[in-house]
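This report concerns only the one structure given below.
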Amino acid sequence: MKTDPDIRIDDYVFLHRKLYDLFRQKWSMQKTGSLKKTVRDSLQKSVDENREGLLHNLLFDMRTATILVDEIGLKQAVVCAALLFRPVLKGHVAIDDIRKNFGDEVAIILRGLKKVSDLAEKKSRVESENYIKLLLSIAEDVRVVFILLAEQLQLMRDAKEITSEKRLDLSIESAYLYAPLAHRLGLYTIKSELEDLSLKYTDRETYDFIARKLNETKRSRDKYIEEFIRPLKERLDKTSLKYDIKGRTKSIHSINSKLKKQKIEFDNIYDLFAIRIILDSPSEMEKTHCWQVYSIVTDMYQPNPKRLKDWLSIPKSNGYESLHITVMGPDSKWVEVQIRTRRMDDIAERGLAAHWKYKGVKEESTLDDWLKSLRESLESKDVDIRDKLGDFKLNLYEEEIFVFTPKGDLFKLPKGASVLDFAFAIHSKLGSTCVSGKVNGKNVPIKHLLKSGDQVEINTSSHQTPKQDWLNYVVTSKAKTRIRQLLKEEAGKQVDIAKEMLSRRMKNRKIDLDDPLLMQLIKKLKYKTVTDFYIDIAAEKLEVNWVIDRYLELGSKDIEHRDLSTATSADNFVIKPHSQDIKSTDELIIDQNLTGVDYRLAKCCNPIYGDEIFGFVSSQGIKIHRISCPNAHDLFSRFGYRILKARWSGKASGTASYTSVLRVIGNDQLNIVANLMSIISKEDGVQMRSISIDSNDGLFQGNITVMLANTSMLEQLMKKLKAVKGVKSVTRLNY
């Protein structure tokens, strides 16, 4: 039997041969040998690592390289850069030397990788600045991101060998950034694997449940697919079409999302799989053949016209082309059928970006347009980092609509886009002066939501300027970025006007302006920024003479017992009661080494001492969730930058008590509830808060809420409750 080192050596030999063959397709033996020597020399310089560590690093780099080849479809320059990234990062070889030996293309990619090399050091949480650097590298050269995506995928595949803390970091990054990036670049297979692995590492119970259900239903699913396909093949074989047809099960992550979104049981999901028909068609006949197959399928099975998705006529922005229809199959079950050509399937699996420019295939400029828009958004110095991140996430939209100008020009926008989004998509000046629109000949306001097929005309006025509430009417990053810039420019003008007004009035009253004293007044008036103070003066919300009077009073120190807050509205003034669920003990350590920080325990999962946990920065402060919280994956994918590391300290205080809800199911027999309550009452440190029991057809089920100190006590209590005669199951609920 082979040992682990032997297996690693076998992997090395296999990967070496595979990569060597790739480079020899285009490179000379001398150039290929130079690459091998550069990597080997770098390994020999890594004297701080043992032989096992060197082999591990080498295999990781080679596996990353094979992902680039097999799963993204990239060529020699990008693969070479991936193999040389570690030697460059360690300073074993200079980029100038790489340019001489391997060309400008490899050097450019490595320079981009160096800019984001700090991402390789997995931080304690998702840091906005690091992501801005990564996103800017996308805008410069998308090949950098292919390498980072491949590296992230390999890290996730190897994550079972690392600590749970590092696994959580990787999973958050994958769900929040890398999976959406893979989706936007059309790399659906990589996107699905990243999402599945992220779910596996953060909610293993749900992942295993769906995987087990899929395995249990595999035989019946395969039988149904065969029953659906058989008559279709008979009809298709009578044509001259060359094709493949197969059933494809949906990813575990997508099934989980459907379960949560539709709030249904696993057995009620009808579209666990899709039938895919892939045609071998010449380019000039692709659409004709796809629609021919569509006609055959819908002749045999009743289609649902509301679920027709035509990405043949107008492909998605990431290049995805396919025809999706839902038909009524045998046993009156709805089945999704995807029809595409071999070329379309290659792009759907590997992404348009893999073909774009670097393989010599000329495609639409949609990816160029997206990169340009992304660059403009990220390089704006007038936009807050978190706003930039939010705008970027908007750029990774899944659903699109297609609208037209009066001349028939096509624009692709995210679902939910407004007339104002459309105006900014055409030109910033048009957007900033937009007063209304005309959709299909009817006048509509700027916040009117557009639908696919709408023809839109923009009405403008030279007197129109952007308003703060415009940000609520737009969803595209281009519109949001430009509106913020224009608002900031306008605010700057208002500040100058207000400063000049205050200065002139003070001179008229022969008062000297003392900047520190004015800053003290602004602080007393509860303003967060000086700009907000001056904007209120310009808008006449603050009367200038009133401000000067307060300034004089503060200067004479005659206002110690006066309330300056009367200058602002008192409508929203509320004294908040002290919340009992706010905790500030040294039992919990947040982020690096912070103790004594106020936090709340999330009601959705009720964490207790000993659970694996994380912190989330919400509008109500820091909330602590269990890693297995039903909302965790959604928080990771949507708000990764708000996640904080959190862990329990080494020793519990012994005074803290936590809420936990137990679900008990059993036979409805005499005294069983009394026996359960008796066990709980006898447990030291356990207090029962409530109990709710229902009985039906000889079975009882109920929830018992208890207060206790840690997971060990909870596990011990559950074990004793399960031992009661007649009890079938005891589980911990998330609420």
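The values are calculated or read from the model by the stated rules, or taken from the named source; none is laboratory data. These numbers were taken from a predicted model, which means no experiment stands behind them. Quick reminder, even Gly has a Cβ in these numbers, built from the backbone with ideal geometry, and neighbours come from all protein chains shown.
Below is a table of values for the structure above.
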read-out	value
Val456 vs. criteria modelled with pLDDT of 85 or more, buried (at least 16 other Cβ atoms within 10 Å of the Cβ) and among the β-branched types (Val, Ile, Thr)	yes
Test: residue in the stretch 312-321 that is among the acidic types (Asp, Glu) and within 34 Å of the chain's Cα centre (by Cα)	yes
The stretch 483-521, residues that are assigned to a helix (DSSP H, G or I), among the β-branched types (Val, Ile, Thr) and surrounded by fewer than 17 Cβ atoms within 10 Å (Cβ to Cβ)	Ile497
The lone exception for His633 - which of (1) surrounded by 22 or more Cβ atoms within 10 Å (Cβ to Cβ); (2) farther than 20 Å from Asp169 by Cα it fails	(2)
Candidates Ile704, Ile691, Ile679 - the one that is without any contact (Cβ under 8 Å) to a residue 40 or more places away in the chain, of a type in the set (Val, Ile, Thr) and not assigned by TED's automatic domain parsing to the domain that holds Pro607	Ile691
Odd one out for Phe636 among (1) in a helix (DSSP H, G or I); (2) touching a strand residue (DSSP E or B) at 6+ places or on another chain (Cβ under 6 Å); (3) closer than 30 Å to Leu177 by Cβ	(2)
Entirely in the stretch 142-198, the helices (runs of 4 or more DSSP H) that have 1 or more residues that are under 17 Å from Ile347 (Cα atoms)	142-157, 179-184
Residues (acidic (Asp, Glu) and part of a loop (DSSP other than H, G, I, E, B)) located in the stretch 660-706	Asp668, Glu683, Asp684, Asp697
Some residue of the stretch 660-672 being closer than 26 Å to Glu587 by Cα and of a type in the set (Lys, Arg)	no
Sole exception among (1) at positive phi; (2) at pLDDT 85 or above for Lys263, by number	(2)
Meets criteria (modelled with pLDDT under 55 and not in a loop (DSSP other than H, G, I, E, B)) for Ala425	no
The listed residue being closer than 29 Å to Val337 by Cβ, of a type outside the set (D, E, K, R) and outside the structural domain of Met285 (by TED's automatic domain parsing), out of Leu194, Leu170, Leu155, Leu241	Leu194
Residue within the stretch 198-214 that is in contact with a Phe, Trp or Tyr (Cβ under 6 Å, 6 or more places away or on another chain), closer than 16 Å to Leu635 by Cα and at pLDDT 90 or above present	yes
